[in-house]
1. Can you compute the FRET efficiency between E64 and V41 using 1/(1 + (r/R0)^6), with r the Cβ-Cβ distance and R0 = 30 Å? Round to the nearest 0.05.
2. Three principal axis extents, largest first, for the C-alpha atoms of the stretch 21-65, in Å?
Amino acid sequence: MTTATPLSNNTQLSGNVTTKSQEQSLYQSSGAIVAAIVVGVIIIFTAVLLVLKTYNRRMRVRRELEPKPSKAAVPPPSGHNSVSQPPTVTFIPVDIHVHHR
């Protein structure tokens, strides 16, 4: 069974309808604005990601195509010796314990 709700005063009803319709339109428009902002942010974020991806791809290709510098092309350090010698690392043990029996 369904029951019908009685309508109240017609003057109050028309006043409430205009107020509620204005409120409802404000809520709907603010929701539309928020949705548009969210969609705009997503579009901007996607565009930035795509630009960075293409930039990264171009830089990687450019790095792969560049000739790699060889070790012999490095100029020798300026010093008193005219013969270039590779730097040597010497290890001197400082603390060696030898047990005598």
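None of the figures in this text is laboratory data; all of them are computed from the coordinates on show. Owing to the predicted nature of the structure, the values given are computational and were not obtained by experimental measurement. So basically every Cβ, Gly included, is an ideal-geometry build from the backbone, and we count neighbours across all protein chains shown.
1. Working: r = 35 Å, r/R0 = 1.16.
Working from the Cβ atoms, E equals 0.30.
2. 66, 5, 5
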